[in-house]
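The values are calculated or read from the model by the stated rules, or taken from the named source; none is laboratory data. Worth saying up front: this structure is predicted, and the values here are computed from it rather than measured. Cβ sites come from the backbone with ideal geometry, for glycine too, and all protein chains shown count toward neighbours.
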Ligand SMILES: *Cc1c(COP(=O)(O)O)cnc(C)c1O
């Protein structure tokens, strides 16, 4: 830990490259590196550069502002932004060569008009809702759109969809989504539109559904070394992935207390025996989940110490055990390779690993190595 950091996220960029190599061994096509949400909390620009160096053909973001941040950093690679609500700065996006997703005739119209006004033909990826029930044309609205598809001044470079349940490999819904996708792709071809880039696989499908790989897969969580679904697909280790993020803090105070001592707000944690408490200098404002059971904790000097009581805004308490030699100022690993995993934290908080890594606050510095 650098002297002045009371907490830090450590990001192992080599692990990103290794995870990509491992995942792409099973994929023939290209890959898009998903770097939305500040690279899943790992840092937008360092992750993007690492993924490009490891062979990413595209970068994928949710928001235009994320795409602009990539361009501002001098990144010239192809970028897709897939959330394109009305009234965004489409002109700037088109001028900066950012490819946009369309999910309605209205968005096609708005992007087409913005292109006309800057004198450039926008590059778009048509999103089909094949069963996610979120973004994309419904199959019916898609059929209507195809009838007027040549009325817009757009270059239709991509056709894509997103899976709802690819992380449950035994379920049939993914195959139904693929069927709906292929049917709509034929409609497009019949209308004389042949997008060059066909993409519908997230990490789970990249790992478990080879028939969905097509020309490009979109790698998100697995690139960061985490399992898309621990219950159905197994742990990072089982999938041959190395978690990229680890989180460190330090002890602001160490003290001995008697058995039966209530800890923190609501007194929901009570010491079962006389013990040593460690107070860790991170809390829910840093992204440590407030509702975290003692199934999570920290590792200090190679030994696990479970959380006790509720997490506060800037601190939480761990039970270091009666014989602990820890002292204030000692470094602790909150999650990482030595003690608790991100998946253990997610489970203890009743959530998924995606939420744990994306919610570590921006005020916690990211250290790259
Ligand atoms: C976030 C996202 C992904 C990546 O999903 P993972 O499960 O993290 O691999 C892929 N495609 C779209 C459209 C997304 O929004």
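Here are some notes:
- Qualifying residue in region 136-148 (condition: in a loop (DSSP other than H, G, I, E, B) and touching a helix residue (DSSP H, G or I) at 6+ places or on another chain (Cβ under 6 Å)): no
- Applying a threshold of 8 Å to beta carbon distances and a minimum spacing of six or more residues, or different chains, the list of pairs starting in region 104-130 at a residue that is more than 16 Å from residue 141 (Cβ to Cβ) and not assigned by TED's automatic domain parsing to the domain that holds residue 151 and ending at one that is at pLDDT below 95 and surrounded by 20 or more Cβ atoms within 10 Å (Cβ to Cβ) is empty.
- Leading residue by the ranking (nearest to the ligand (Cβ to nearest atom)) among those in region 69-82 that are out of contact with any helix residue (DSSP H, G or I) (no Cβ under 7 Å at 6 or more places or on another chain) and closer than 17 Å to residue 122 by Cα: 82
- Residue 304 closer than 17 Å to residue 353 by Cα and without any contact (Cβ under 8 Å) to a residue 40 or more places away in the chain: no
- Of the residues making up region 310-369, those that are within 16 Å of the ligand (Cβ to nearest atom) and touching a strand residue (DSSP E or B) at 6+ places or on another chain (Cβ under 7 Å) are 342, 357.
- Restricted to helices (runs of 4 or more DSSP H) entirely inside region 169-278, those with at least 2 residues that are in contact with a strand residue (DSSP E or B) (Cβ under 8 Å, 6 or more places away or on another chain), within 19 Å of residue 16 (Cα to Cα) and touching a residue at least 24 places away in the same chain (Cβ under 8 Å) are 203-208.
- Looking only at region 32-42, residues that are under 14 Å from residue 10 (Cα atoms) and more than 11 Å from the chain's Cα centre (by Cα) come to 0 in all.
- Filtering region 153-172 to residues that are under 20 Å from residue 222 (Cβ atoms) and more than 13 Å from the ligand (Cβ to nearest atom) leaves 169, 170, 171.
- Here 288, 263, 221 are screened, and the one residue that is under 30 Å from residue 158 (Cβ atoms) and crowded, with 16+ Cβ neighbours inside 10 Å is 221.
Per-residue answers, yes or no, for (1) more than 16 Å from the ligand (Cβ to nearest atom); (2) crowded, with 17+ Cβ neighbours inside 10 Å:
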| position | (1), (2) |
| --- | --- |
| 217 | no, yes |
| 238 | yes, no |
| 284 | yes, yes |
| 300 | yes, yes |
| 305 | yes, yes |
| 308 | yes, yes |
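- Meets criteria (surrounded by fewer than 23 Cβ atoms within 10 Å (Cβ to Cβ), within 16 Å of the ligand (Cβ to nearest atom) and within 27 Å of the chain's Cα centre (by Cα)) for residue 133: yes
- The set of residues in region 83-94 being within 16 Å of the ligand (Cβ to nearest atom) and touching a strand residue (DSSP E or B) at 6+ places or on another chain (Cβ under 8 Å) consists of 83, 84.
- Residue 191 touching a helix residue (DSSP H, G or I) at 6+ places or on another chain (Cβ under 6 Å) and more than 16 Å from the ligand (Cβ to nearest atom): yes
- Total residues in region 223-235 satisfying the condition of being within 11 Å of the ligand (Cβ to nearest atom), closer than 20 Å to residue 171 by Cα and touching a helix residue (DSSP H, G or I) at 6+ places or on another chain (Cβ under 6 Å): the figure is 2.
Yes/no matrix, rows are residues, columns are (1) surrounded by fewer than 17 Cβ atoms within 10 Å (Cβ to Cβ); (2) more than 16 Å from the ligand (Cβ to nearest atom); (3) in the same structural domain as residue 99 (by TED's automatic domain parsing):
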| residue | (1), (2), (3) |
| --- | --- |
| 25 | yes, yes, yes |
| 28 | yes, yes, yes |
| 31 | no, no, yes |
| 35 | no, no, yes |
| 46 | no, yes, yes |
| 49 | no, yes, yes |
| 54 | no, no, yes |
| 59 | no, no, yes |
| 65 | yes, no, yes |
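- Taking the criterion of being assigned to a helix (DSSP H, G or I) and either free of Cβ contacts under 8 Å to residues at least 12 places away in the same chain or crowded, with 22+ Cβ neighbours inside 10 Å (or both), the only residue of region 149-168 that qualifies is 151.
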